[in-house]
Amino acid sequence: MQTRYDCAQSFTSSVDKSSFVVPRTHQRRALQSRLTRCCNNFKGDAPLLTALKARAEAQQAPFYVPGHKRGSRVLDGARQVIGETAFQHDLTELPGLDYLASPTSVIQQAQQLAATSFGADKTWFLVNGSSTGIHAAVMATCGPGDCLVLARNCHQSAFAAAVFADCDTWYVQPHYDEQLGVAHGIHPSSVQQALDAACSAGKRVTAVLVVSPTYFGVCSDISGLAEVCHISNVPLIVDEAHGSHFAFDSAFPQSGLSCGADCVIQSSHKTLSALTQAAMLHIQGDCIDTGRVSRALQLLQSSSPSYLLMASLDGARAHAQQQGIWEEPLRAGQFSTAKLQELDGLQVVSSAYVGTRGIAAVDPLRITVGVQSVGLTGSQVSTILEGEYGVVTELATQQVIVFALGIGTTMSHAEKLIVAFQNLHQKYRDTTALSDELASKRSLPLSQVGSSQAGDHNSLQPSVDMGNSLQLMSLRNAFFANSVRVTRAAAAGRVSAELLCPYPPGVPVAIPGEVLQTETIQLLLRVLVTGGTVTGPSDPTLSTFLVVAD
(Lines give C-alpha, C1' and ligand atoms only; values in the text may rest on other atoms or scores of the structure.)
Protein backbone atom coordinates (compact mmCIF):
# COMPACT_ATOMS: atom_id res chain seq x y z
CA MET A 1 0.00 0.00 0.00
CA GLN A 2 1.27 3.43 -0.90
CA THR A 3 1.95 5.91 1.86
CA ARG A 4 -0.40 8.83 1.37
CA TYR A 5 0.48 12.48 1.60
CA ASP A 6 0.18 14.07 5.02
CA CYS A 7 -1.32 17.52 4.50
CA ALA A 8 0.28 20.60 5.96
CA GLN A 9 -1.26 22.46 8.83
CA SER A 10 -4.76 23.82 8.14
CA PHE A 11 -5.73 27.45 8.10
CA THR A 12 -5.88 28.76 11.65
CA SER A 13 -9.46 30.01 11.54
CA SER A 14 -12.70 28.37 10.57
CA VAL A 15 -16.18 29.62 9.99
CA ASP A 16 -18.88 29.45 12.65
CA LYS A 17 -21.64 27.91 10.56
CA SER A 18 -24.24 29.37 12.87
CA SER A 19 -23.31 32.79 11.50
CA PHE A 20 -25.01 31.82 8.24
CA VAL A 21 -28.33 31.01 9.93
CA VAL A 22 -30.85 33.85 9.75
CA PRO A 23 -34.11 33.68 11.75
CA ARG A 24 -37.15 33.30 9.51
CA THR A 25 -40.88 33.67 10.05
CA HIS A 26 -43.24 30.72 10.30
CA GLN A 27 -44.53 31.56 6.81
CA ARG A 28 -41.09 31.08 5.38
CA ARG A 29 -40.68 27.85 7.30
CA ALA A 30 -43.82 26.64 5.55
CA LEU A 31 -42.30 27.52 2.20
CA GLN A 32 -39.13 25.70 3.26
CA SER A 33 -41.23 22.60 3.94
CA ARG A 34 -42.91 22.83 0.55
CA LEU A 35 -39.55 23.18 -1.20
CA THR A 36 -38.18 20.21 0.72
CA ARG A 37 -41.12 18.05 -0.31
CA CYS A 38 -40.66 19.21 -3.91
CA CYS A 39 -36.98 18.22 -3.88
CA ASN A 40 -37.68 14.88 -2.25
CA ASN A 41 -40.28 14.11 -4.88
CA PHE A 42 -37.81 14.96 -7.64
CA LYS A 43 -35.90 11.73 -6.90
CA GLY A 44 -32.57 13.51 -6.80
CA ASP A 45 -32.19 14.22 -10.53
CA ALA A 46 -31.39 17.92 -10.06
CA PRO A 47 -32.35 19.02 -6.53
CA LEU A 48 -30.91 22.54 -6.66
CA LEU A 49 -32.40 23.26 -10.07
CA THR A 50 -35.79 22.07 -8.84
CA ALA A 51 -35.64 24.09 -5.62
CA LEU A 52 -34.74 27.24 -7.55
CA LYS A 53 -37.66 26.71 -9.91
CA ALA A 54 -40.10 26.24 -7.03
CA ARG A 55 -38.79 29.34 -5.25
CA ALA A 56 -39.04 31.50 -8.37
CA GLU A 57 -42.63 30.41 -8.96
CA ALA A 58 -43.73 31.40 -5.44
CA GLN A 59 -45.82 34.60 -5.41
CA GLN A 60 -44.08 37.00 -3.03
CA ALA A 61 -43.17 40.61 -2.36
CA PRO A 62 -39.36 40.37 -2.65
CA PHE A 63 -37.77 42.49 0.08
CA TYR A 64 -34.36 40.91 -0.49
CA VAL A 65 -31.54 41.38 -2.99
CA PRO A 66 -30.96 41.60 -5.93
CA GLY A 67 -32.35 45.02 -6.70
CA HIS A 68 -34.22 44.11 -9.89
CA LYS A 69 -36.71 42.22 -7.65
CA ARG A 70 -37.13 39.09 -9.77
CA GLY A 71 -37.14 41.12 -12.98
CA SER A 72 -39.73 43.65 -11.85
CA ARG A 73 -37.74 46.54 -13.30
CA VAL A 74 -34.79 46.17 -15.68
CA LEU A 75 -33.59 47.83 -18.86
CA ASP A 76 -35.69 46.64 -21.80
CA GLY A 77 -32.57 45.78 -23.74
CA ALA A 78 -31.25 43.71 -20.84
CA ARG A 79 -34.57 41.88 -20.56
CA GLN A 80 -34.47 41.07 -24.25
CA VAL A 81 -30.91 39.76 -24.13
CA ILE A 82 -30.91 38.00 -20.77
CA GLY A 83 -34.54 36.92 -20.71
CA GLU A 84 -37.45 37.31 -18.33
CA THR A 85 -37.01 33.84 -16.84
CA ALA A 86 -33.36 34.44 -15.98
CA PHE A 87 -34.26 37.50 -13.90
CA GLN A 88 -37.07 35.62 -12.14
CA HIS A 89 -34.63 32.88 -11.11
CA ASP A 90 -31.79 35.21 -10.14
CA LEU A 91 -32.31 34.70 -6.41
CA THR A 92 -30.19 34.85 -3.27
CA GLU A 93 -29.69 32.67 -0.17
CA LEU A 94 -33.36 32.18 0.70
CA PRO A 95 -34.94 29.39 2.78
CA GLY A 96 -34.83 26.19 0.79
CA LEU A 97 -31.98 27.29 -1.45
CA ASP A 98 -29.10 26.46 0.94
CA TYR A 99 -25.74 28.25 1.35
CA LEU A 100 -22.77 27.54 -0.91
CA ALA A 101 -20.21 28.34 1.80
CA SER A 102 -21.79 25.90 4.24
CA PRO A 103 -24.26 23.65 2.40
CA THR A 104 -26.65 21.38 4.30
CA SER A 105 -29.56 20.75 1.92
CA VAL A 106 -30.11 21.16 -1.82
CA ILE A 107 -26.62 22.43 -2.69
CA GLN A 108 -25.12 19.65 -0.60
CA GLN A 109 -27.37 17.11 -2.35
CA ALA A 110 -26.44 18.49 -5.79
CA GLN A 111 -22.72 18.37 -4.96
CA GLN A 112 -23.03 14.80 -3.68
CA LEU A 113 -24.78 13.75 -6.88
CA ALA A 114 -21.97 15.38 -8.86
CA ALA A 115 -19.34 13.58 -6.78
CA THR A 116 -21.00 10.24 -7.50
CA SER A 117 -21.32 11.01 -11.22
CA PHE A 118 -17.70 12.07 -11.64
CA GLY A 119 -16.18 9.45 -9.32
CA ALA A 120 -15.11 11.79 -6.52
CA ASP A 121 -15.38 11.49 -2.77
CA LYS A 122 -16.30 15.16 -2.48
CA THR A 123 -17.26 17.86 -4.98
CA TRP A 124 -17.55 21.64 -4.68
CA PHE A 125 -19.49 23.90 -7.03
CA LEU A 126 -17.46 26.88 -8.27
CA VAL A 127 -19.00 30.17 -9.38
CA ASN A 128 -15.70 31.91 -10.21
CA GLY A 129 -14.61 29.41 -12.84
CA SER A 130 -11.93 26.73 -12.74
CA SER A 131 -9.41 29.42 -11.85
CA THR A 132 -10.83 29.57 -8.33
CA GLY A 133 -10.65 25.80 -8.05
CA ILE A 134 -6.98 25.84 -9.01
CA HIS A 135 -6.32 28.61 -6.50
CA ALA A 136 -8.06 26.61 -3.75
CA ALA A 137 -6.31 23.34 -4.62
CA VAL A 138 -2.88 24.96 -4.44
CA MET A 139 -3.71 26.83 -1.22
CA ALA A 140 -4.90 23.54 0.30
CA THR A 141 -1.64 21.75 -0.49
CA CYS A 142 1.06 24.43 -0.48
CA GLY A 143 2.03 27.20 1.90
CA PRO A 144 4.98 29.47 2.62
CA GLY A 145 8.23 27.54 2.17
CA ASP A 146 6.57 24.73 0.22
CA CYS A 147 7.18 24.03 -3.47
CA LEU A 148 4.66 23.37 -6.23
CA VAL A 149 5.91 21.34 -9.18
CA LEU A 150 4.06 22.98 -12.03
CA ALA A 151 3.73 22.08 -15.72
CA ARG A 152 4.93 25.06 -17.68
CA ASN A 153 1.93 24.90 -20.02
CA CYS A 154 -0.55 25.37 -17.15
CA HIS A 155 -3.15 28.13 -17.20
CA GLN A 156 -2.23 31.52 -15.76
CA SER A 157 -4.44 30.79 -12.73
CA ALA A 158 -1.89 28.21 -11.57
CA PHE A 159 0.82 30.86 -11.44
CA ALA A 160 -1.53 33.22 -9.62
CA ALA A 161 -2.18 30.42 -7.13
CA ALA A 162 1.51 30.37 -6.27
CA VAL A 163 1.27 34.07 -5.45
CA PHE A 164 -1.73 33.45 -3.17
CA ALA A 165 -0.10 30.46 -1.44
CA ASP A 166 3.33 32.13 -1.14
CA CYS A 167 4.95 28.93 -2.34
CA ASP A 168 7.94 28.33 -4.59
CA THR A 169 7.53 26.78 -8.03
CA TRP A 170 9.52 24.20 -9.93
CA TYR A 171 8.67 23.78 -13.58
CA VAL A 172 8.25 20.55 -15.50
CA GLN A 173 8.40 20.77 -19.28
CA PRO A 174 5.75 19.35 -21.63
CA HIS A 175 6.67 17.79 -24.94
CA TYR A 176 6.85 20.46 -27.61
CA ASP A 177 5.48 20.08 -31.15
CA GLU A 178 7.73 22.08 -33.47
CA GLN A 179 5.40 21.71 -36.47
CA LEU A 180 2.27 22.93 -34.71
CA GLY A 181 3.99 25.28 -32.29
CA VAL A 182 2.13 23.92 -29.24
CA ALA A 183 2.93 22.04 -26.05
CA HIS A 184 1.50 18.54 -25.64
CA GLY A 185 1.71 15.98 -22.83
CA ILE A 186 3.78 15.58 -19.68
CA HIS A 187 5.63 12.27 -19.41
CA PRO A 188 5.79 10.61 -15.96
CA SER A 189 9.59 10.48 -16.23
CA SER A 190 9.63 14.27 -16.62
CA VAL A 191 7.71 14.68 -13.38
CA GLN A 192 10.06 12.25 -11.64
CA GLN A 193 13.04 14.24 -12.86
CA ALA A 194 11.44 17.48 -11.66
CA LEU A 195 10.74 15.98 -8.22
CA ASP A 196 14.33 14.76 -7.97
CA ALA A 197 15.75 18.09 -9.13
CA ALA A 198 13.57 20.10 -6.77
CA CYS A 199 14.59 17.85 -3.88
CA SER A 200 18.27 18.21 -4.78
CA ALA A 201 17.79 21.98 -4.76
CA GLY A 202 16.48 21.79 -1.20
CA LYS A 203 12.81 22.30 -2.07
CA ARG A 204 9.96 20.74 -0.06
CA VAL A 205 7.52 19.63 -2.76
CA THR A 206 3.94 19.37 -1.49
CA ALA A 207 1.96 19.12 -4.77
CA VAL A 208 2.25 18.53 -8.51
CA LEU A 209 -0.07 20.35 -10.91
CA VAL A 210 -0.51 19.45 -14.59
CA VAL A 211 -3.07 20.30 -17.27
CA SER A 212 -4.80 17.39 -19.04
CA PRO A 213 -6.39 17.61 -21.53
CA THR A 214 -4.56 20.59 -22.95
CA TYR A 215 -6.30 23.36 -24.84
CA PHE A 216 -5.34 21.41 -27.96
CA GLY A 217 -7.11 18.22 -26.84
CA VAL A 218 -4.32 15.88 -25.80
CA CYS A 219 -4.14 13.99 -22.51
CA SER A 220 -1.11 13.02 -20.49
CA ASP A 221 -0.61 9.63 -18.83
CA ILE A 222 -2.40 10.55 -15.61
CA SER A 223 -2.14 7.01 -14.22
CA GLY A 224 1.63 7.13 -14.62
CA LEU A 225 1.83 10.63 -13.19
CA ALA A 226 -0.28 9.63 -10.17
CA GLU A 227 1.98 6.65 -9.50
CA VAL A 228 5.10 8.81 -9.59
CA CYS A 229 3.53 11.40 -7.30
CA HIS A 230 2.21 8.92 -4.75
CA ILE A 231 5.52 7.08 -4.47
CA SER A 232 6.92 10.45 -3.37
CA ASN A 233 3.93 11.05 -1.03
CA VAL A 234 2.86 14.08 -3.08
CA PRO A 235 -0.71 14.70 -4.30
CA LEU A 236 -1.45 15.12 -7.99
CA ILE A 237 -3.71 18.03 -9.02
CA VAL A 238 -5.08 17.92 -12.57
CA ASP A 239 -6.44 20.97 -14.36
CA GLU A 240 -9.11 19.12 -16.37
CA ALA A 241 -10.92 22.30 -17.37
CA HIS A 242 -11.58 21.01 -20.87
CA GLY A 243 -12.43 17.43 -19.86
CA SER A 244 -15.69 17.59 -17.89
CA HIS A 245 -17.26 15.15 -20.35
CA PHE A 246 -14.72 12.37 -19.93
CA ALA A 247 -16.75 10.58 -17.24
CA PHE A 248 -19.85 10.10 -19.39
CA ASP A 249 -18.91 7.94 -22.38
CA SER A 250 -16.36 5.21 -23.04
CA ALA A 251 -15.46 6.92 -26.33
CA PHE A 252 -13.80 9.69 -24.34
CA PRO A 253 -10.37 9.47 -22.67
CA GLN A 254 -10.33 8.25 -19.08
CA SER A 255 -10.99 10.98 -16.55
CA GLY A 256 -8.28 12.18 -14.21
CA LEU A 257 -10.14 10.80 -11.19
CA SER A 258 -10.45 7.34 -12.74
CA CYS A 259 -6.69 7.42 -13.37
CA GLY A 260 -5.83 8.17 -9.74
CA ALA A 261 -5.54 11.96 -9.57
CA ASP A 262 -6.16 13.32 -6.07
CA CYS A 263 -7.77 16.58 -7.16
CA VAL A 264 -9.42 17.47 -10.46
CA ILE A 265 -10.78 20.87 -11.48
CA GLN A 266 -13.24 21.08 -14.37
CA SER A 267 -14.79 23.98 -16.30
CA SER A 268 -18.26 22.46 -16.63
CA HIS A 269 -19.27 25.21 -19.03
CA LYS A 270 -16.63 24.33 -21.62
CA THR A 271 -18.07 21.01 -22.83
CA LEU A 272 -21.21 20.43 -20.72
CA SER A 273 -24.36 22.59 -20.73
CA ALA A 274 -23.54 24.72 -17.66
CA LEU A 275 -23.44 28.49 -17.92
CA THR A 276 -20.15 30.26 -18.57
CA GLN A 277 -18.03 30.61 -15.40
CA ALA A 278 -19.63 27.54 -13.75
CA ALA A 279 -17.10 24.89 -12.70
CA MET A 280 -16.43 22.07 -10.22
CA LEU A 281 -13.61 20.88 -7.98
CA HIS A 282 -13.37 17.16 -7.15
CA ILE A 283 -11.31 15.36 -4.49
CA GLN A 284 -10.77 11.66 -3.95
CA GLY A 285 -8.77 9.83 -1.30
CA ASP A 286 -7.11 11.33 1.77
CA CYS A 287 -4.12 13.03 0.16
CA ILE A 288 -5.70 16.47 0.42
CA ASP A 289 -7.41 17.96 3.47
CA THR A 290 -10.98 18.64 2.29
CA GLY A 291 -11.54 21.01 5.20
CA ARG A 292 -8.67 23.15 4.00
CA VAL A 293 -10.17 23.17 0.50
CA SER A 294 -13.47 24.41 1.92
CA ARG A 295 -11.75 27.15 3.90
CA ALA A 296 -9.76 28.24 0.87
CA LEU A 297 -12.93 28.44 -1.22
CA GLN A 298 -14.61 30.47 1.51
CA LEU A 299 -11.83 33.03 1.12
CA LEU A 300 -11.84 32.95 -2.67
CA GLN A 301 -15.45 32.62 -3.78
CA SER A 302 -18.08 35.32 -3.85
CA SER A 303 -20.28 35.58 -0.75
CA SER A 304 -23.17 36.25 -3.15
CA PRO A 305 -22.93 33.23 -5.47
CA SER A 306 -25.14 33.16 -8.54
CA TYR A 307 -27.91 30.60 -8.18
CA LEU A 308 -28.23 30.61 -11.95
CA LEU A 309 -24.65 29.36 -12.20
CA MET A 310 -25.05 26.79 -9.43
CA ALA A 311 -28.37 25.50 -10.77
CA SER A 312 -26.81 25.23 -14.22
CA LEU A 313 -24.11 22.97 -12.74
CA ASP A 314 -26.78 20.75 -11.21
CA GLY A 315 -28.67 20.62 -14.49
CA ALA A 316 -25.55 20.10 -16.61
CA ARG A 317 -24.55 17.07 -14.56
CA ALA A 318 -28.02 15.53 -14.90
CA HIS A 319 -28.07 16.38 -18.61
CA ALA A 320 -24.67 14.78 -19.27
CA GLN A 321 -25.93 11.50 -17.79
CA GLN A 322 -28.90 11.17 -20.13
CA GLN A 323 -28.91 8.10 -22.34
CA GLY A 324 -27.53 8.78 -25.82
CA ILE A 325 -26.90 12.46 -25.22
CA TRP A 326 -23.29 12.22 -26.45
CA GLU A 327 -24.01 10.27 -29.65
CA GLU A 328 -24.44 13.28 -31.95
CA PRO A 329 -21.48 15.30 -30.61
CA LEU A 330 -19.28 12.22 -31.04
CA ARG A 331 -20.53 11.65 -34.59
CA ALA A 332 -19.90 15.30 -35.36
CA GLY A 333 -16.35 15.07 -34.02
CA GLN A 334 -15.55 11.86 -35.88
CA PHE A 335 -17.05 13.20 -39.11
CA SER A 336 -15.17 16.50 -38.88
CA THR A 337 -11.84 14.87 -38.07
CA ALA A 338 -12.14 12.35 -40.91
CA LYS A 339 -13.12 14.97 -43.48
CA LEU A 340 -10.36 17.36 -42.45
CA GLN A 341 -7.81 14.55 -42.71
CA GLU A 342 -8.85 14.08 -46.33
CA LEU A 343 -7.65 17.56 -47.24
CA ASP A 344 -4.07 17.47 -48.47
CA GLY A 345 -1.47 19.16 -46.34
CA LEU A 346 -3.53 19.70 -43.20
CA GLN A 347 -2.10 18.31 -39.99
CA VAL A 348 -4.95 17.11 -37.75
CA VAL A 349 -4.21 16.02 -34.19
CA SER A 350 -5.85 12.62 -33.87
CA SER A 351 -5.49 9.21 -32.24
CA ALA A 352 -2.43 8.66 -34.44
CA TYR A 353 -0.57 10.93 -32.00
CA VAL A 354 -1.14 8.59 -29.05
CA GLY A 355 2.11 7.12 -27.76
CA THR A 356 4.17 10.08 -28.96
CA ARG A 357 4.96 13.51 -27.49
CA GLY A 358 3.79 12.46 -24.03
CA ILE A 359 0.26 11.88 -25.36
CA ALA A 360 -1.81 9.09 -23.81
CA ALA A 361 -5.14 9.98 -25.44
CA VAL A 362 -6.80 12.56 -27.70
CA ASP A 363 -10.18 14.10 -27.00
CA PRO A 364 -12.58 13.42 -29.92
CA LEU A 365 -14.44 16.65 -29.09
CA ARG A 366 -11.40 18.90 -29.59
CA ILE A 367 -10.04 19.27 -33.13
CA THR A 368 -6.66 20.94 -33.64
CA VAL A 369 -5.61 21.59 -37.22
CA GLY A 370 -2.23 22.74 -38.51
CA VAL A 371 -2.84 25.11 -41.43
CA GLN A 372 0.66 26.02 -42.59
CA SER A 373 0.11 24.40 -46.00
CA VAL A 374 -2.89 26.64 -46.74
CA GLY A 375 -0.58 29.61 -47.11
CA LEU A 376 -2.30 31.56 -44.33
CA THR A 377 -1.78 31.86 -40.62
CA GLY A 378 -4.20 30.29 -38.18
CA SER A 379 -5.51 33.73 -37.27
CA GLN A 380 -6.18 34.53 -40.91
CA VAL A 381 -7.93 31.22 -41.51
CA SER A 382 -10.08 31.90 -38.47
CA THR A 383 -10.99 35.35 -39.81
CA ILE A 384 -11.99 33.90 -43.18
CA LEU A 385 -14.02 31.07 -41.67
CA GLU A 386 -16.06 33.49 -39.59
CA GLY A 387 -16.35 36.34 -42.08
CA GLU A 388 -17.16 34.30 -45.19
CA TYR A 389 -18.77 31.15 -43.80
CA GLY A 390 -20.08 31.91 -40.32
CA VAL A 391 -17.86 29.27 -38.70
CA VAL A 392 -16.26 30.55 -35.48
CA THR A 393 -13.17 28.85 -34.06
CA GLU A 394 -12.26 28.45 -30.38
CA LEU A 395 -8.61 29.45 -30.84
CA ALA A 396 -6.24 30.50 -33.57
CA THR A 397 -2.45 30.72 -33.32
CA GLN A 398 0.24 31.32 -35.91
CA GLN A 399 0.19 27.67 -36.99
CA VAL A 400 -3.08 26.09 -35.84
CA ILE A 401 -6.78 26.59 -35.38
CA VAL A 402 -8.81 24.79 -32.74
CA PHE A 403 -12.45 23.72 -32.90
CA ALA A 404 -14.15 23.03 -29.55
CA LEU A 405 -17.10 20.65 -29.64
CA GLY A 406 -19.45 20.07 -26.73
CA ILE A 407 -22.70 18.53 -25.66
CA GLY A 408 -24.61 20.98 -27.85
CA THR A 409 -22.65 20.30 -31.05
CA THR A 410 -24.80 19.00 -33.90
CA MET A 411 -24.11 17.32 -37.22
CA SER A 412 -25.31 20.48 -38.96
CA HIS A 413 -22.53 22.39 -37.18
CA ALA A 414 -19.99 19.83 -38.39
CA GLU A 415 -21.28 19.85 -41.97
CA LYS A 416 -21.07 23.64 -42.08
CA LEU A 417 -17.49 23.48 -40.79
CA ILE A 418 -16.42 20.96 -43.42
CA VAL A 419 -18.05 22.77 -46.34
CA ALA A 420 -16.35 25.99 -45.23
CA PHE A 421 -12.97 24.38 -44.82
CA GLN A 422 -13.19 22.53 -48.12
CA ASN A 423 -13.93 25.80 -49.92
CA LEU A 424 -11.17 27.65 -48.08
CA HIS A 425 -8.69 24.86 -48.70
CA GLN A 426 -9.44 24.83 -52.42
CA LYS A 427 -9.13 28.61 -52.66
CA TYR A 428 -5.90 29.09 -50.70
CA ARG A 429 -4.05 25.78 -51.12
CA ASP A 430 -0.42 26.43 -52.10
CA THR A 431 -1.00 30.17 -52.01
CA THR A 432 2.27 31.85 -51.05
CA ALA A 433 1.14 35.47 -50.88
CA LEU A 434 -1.07 36.34 -47.93
CA SER A 435 -4.21 38.39 -48.39
CA ASP A 436 -3.49 42.14 -48.46
CA GLU A 437 -6.73 42.78 -46.65
CA LEU A 438 -5.79 40.44 -43.80
CA ALA A 439 -2.21 41.67 -43.67
CA SER A 440 -3.44 45.23 -43.25
CA LYS A 441 -5.06 44.21 -39.96
CA ARG A 442 -1.73 43.50 -38.30
CA SER A 443 -1.20 45.60 -35.22
CA LEU A 444 2.56 45.95 -35.83
CA PRO A 445 4.71 45.74 -38.96
CA LEU A 446 6.76 42.57 -39.11
CA SER A 447 9.94 44.61 -39.09
CA GLN A 448 9.28 45.52 -35.46
CA VAL A 449 9.23 41.92 -34.27
CA GLY A 450 13.00 41.68 -34.09
CA SER A 451 13.22 38.25 -35.66
CA SER A 452 11.63 38.73 -39.07
CA GLN A 453 10.54 35.10 -39.18
CA ALA A 454 6.96 35.70 -38.05
CA GLY A 455 6.07 32.18 -39.01
CA ASP A 456 8.69 30.29 -37.03
CA HIS A 457 7.57 27.57 -34.65
CA ASN A 458 8.90 28.85 -31.34
CA SER A 459 5.45 29.29 -29.80
CA LEU A 460 6.07 28.45 -26.16
CA GLN A 461 9.55 27.06 -26.37
CA PRO A 462 11.79 30.14 -25.88
CA SER A 463 10.82 30.72 -22.26
CA VAL A 464 10.38 27.14 -21.07
CA ASP A 465 13.72 25.49 -21.77
CA MET A 466 15.50 27.20 -18.88
CA GLY A 467 12.46 28.10 -16.75
CA ASN A 468 13.90 26.99 -13.39
CA SER A 469 17.29 28.64 -13.84
CA LEU A 470 15.63 31.86 -15.02
CA GLN A 471 13.37 32.13 -11.96
CA LEU A 472 15.34 34.49 -9.72
CA MET A 473 12.49 35.42 -7.35
CA SER A 474 9.32 33.72 -6.17
CA LEU A 475 6.16 34.82 -7.96
CA ARG A 476 4.84 36.40 -4.79
CA ASN A 477 8.02 38.36 -4.03
CA ALA A 478 8.17 39.59 -7.61
CA PHE A 479 4.49 40.53 -7.57
CA PHE A 480 4.92 42.73 -4.49
CA ALA A 481 8.36 44.08 -5.39
CA ASN A 482 8.89 47.66 -6.54
CA SER A 483 8.83 47.87 -10.31
CA VAL A 484 10.03 50.25 -13.01
CA ARG A 485 9.05 50.70 -16.63
CA VAL A 486 11.71 50.14 -19.27
CA THR A 487 11.72 50.20 -23.04
CA ARG A 488 11.38 47.01 -25.01
CA ALA A 489 15.03 47.16 -26.00
CA ALA A 490 16.09 47.41 -22.34
CA ALA A 491 13.73 44.71 -21.03
CA ALA A 492 15.74 41.63 -22.05
CA GLY A 493 17.78 40.37 -19.14
CA ARG A 494 15.65 42.12 -16.52
CA VAL A 495 13.36 40.35 -14.04
CA SER A 496 9.74 40.53 -15.13
CA ALA A 497 7.17 42.12 -12.81
CA GLU A 498 4.29 41.12 -15.10
CA LEU A 499 2.56 37.87 -16.03
CA LEU A 500 2.14 37.98 -19.80
CA CYS A 501 -0.04 35.46 -21.64
CA PRO A 502 -1.10 34.98 -25.23
CA TYR A 503 -4.86 34.46 -24.76
CA PRO A 504 -6.41 32.09 -25.38
CA PRO A 505 -5.18 29.68 -24.14
CA GLY A 506 -3.83 31.79 -21.28
CA VAL A 507 -0.50 29.99 -20.89
CA PRO A 508 2.09 32.47 -19.54
CA VAL A 509 5.33 32.99 -21.41
CA ALA A 510 6.65 35.71 -19.09
CA ILE A 511 6.29 35.22 -15.36
CA PRO A 512 6.93 37.55 -12.41
CA GLY A 513 10.35 36.80 -10.96
CA GLU A 514 11.66 35.30 -14.19
CA VAL A 515 14.32 36.82 -16.42
CA LEU A 516 12.84 38.17 -19.64
CA GLN A 517 14.50 36.73 -22.73
CA THR A 518 14.78 38.35 -26.12
CA GLU A 519 13.04 35.32 -27.64
CA THR A 520 10.12 35.69 -25.25
CA ILE A 521 9.67 39.35 -26.13
CA GLN A 522 9.76 38.50 -29.84
CA LEU A 523 7.16 35.78 -29.30
CA LEU A 524 4.79 38.21 -27.59
CA LEU A 525 5.22 40.68 -30.42
CA ARG A 526 4.46 37.98 -32.98
CA VAL A 527 1.21 37.28 -31.19
CA LEU A 528 0.20 40.93 -31.66
CA VAL A 529 1.43 40.98 -35.26
CA THR A 530 -0.78 38.06 -36.21
CA GLY A 531 -3.90 39.51 -34.64
CA GLY A 532 -3.71 37.77 -31.28
CA THR A 533 -4.12 39.13 -27.76
CA VAL A 534 -1.60 39.33 -24.93
CA THR A 535 -3.12 39.66 -21.47
CA GLY A 536 -1.36 41.15 -18.48
CA PRO A 537 0.84 43.93 -19.90
CA SER A 538 0.50 47.40 -18.45
CA ASP A 539 1.44 48.63 -21.92
CA PRO A 540 -0.79 46.77 -24.43
CA THR A 541 1.48 47.79 -27.32
CA LEU A 542 4.47 46.07 -25.64
CA SER A 543 6.59 49.12 -26.34
CA THR A 544 7.54 49.07 -22.66
CA PHE A 545 7.66 46.43 -19.93
CA LEU A 546 7.39 46.49 -16.14
CA VAL A 547 10.43 44.90 -14.51
CA VAL A 548 11.54 44.50 -10.92
CA ALA A 549 13.52 47.50 -9.75
CA ASP A 550 17.21 46.89 -9.14
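The values are calculated or read from the model by the stated rules, or taken from the named source; none is laboratory data. Keep in mind it's a predicted model, so treat the numbers as computed, not measured. A quick note on method: Cβ atoms are made from the backbone with ideal geometry, for glycine too, and the neighbour counts reach across all protein chains shown. These accessible areas exclude ligands, DNA and RNA; they are computed on the full protein's heavy atoms, side chains included. Shrake-Rupley method; radii C 1.70, N 1.55, O 1.52, S 1.80 Å.
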Can you list residues from other chains, or at least 5 along the same chain, whose modelled amide H is less than 5 Å from the amide H of residue 348? 370
Most packed first (mean Cβ within 10 Å per residue), the peptides 249-258, 210-219, 407-416 order as 210-219, 249-258, 407-416
Across 122/339; 53/270; 270/416, pairs whose alpha-carbon gap is larger than 31 Å: 122/339
Protection proxy ranking of 167-179, 332-344 - average other beta-carbon atoms within 10 Å, highest first: 167-179, 332-344
For region 371-433, what ratio Rg/Rh do Cα atoms give with a Kirkwood hydrodynamic radius? 0.97
How much of the accessible area of region 278-324, in percent, comes from carbon and sulfur atoms when a 1.4 Å probe is used? 44
Surface per residue (accessible, 1.4 Å probe) for region 196-318, Å²: 29
Below 8 Å between Cα atoms, with a sequence gap of 6+, how large is the relative contact order for region 145-284 in percent? 19
Would you work out what percent of the accessible area of region 57-194, with all protein chains in place, is carbon or sulfur (probe 1.4 Å)? 53
Could you work out Rg/(2.2 N^0.38 Å) for region 231-347, with Rg from alpha carbons only? 1.29
FRET efficiency, 1/(1 + (r/R0)^6) with R0 51 Å, evaluated for residue 286 and residue 63 via beta carbons: 0.65
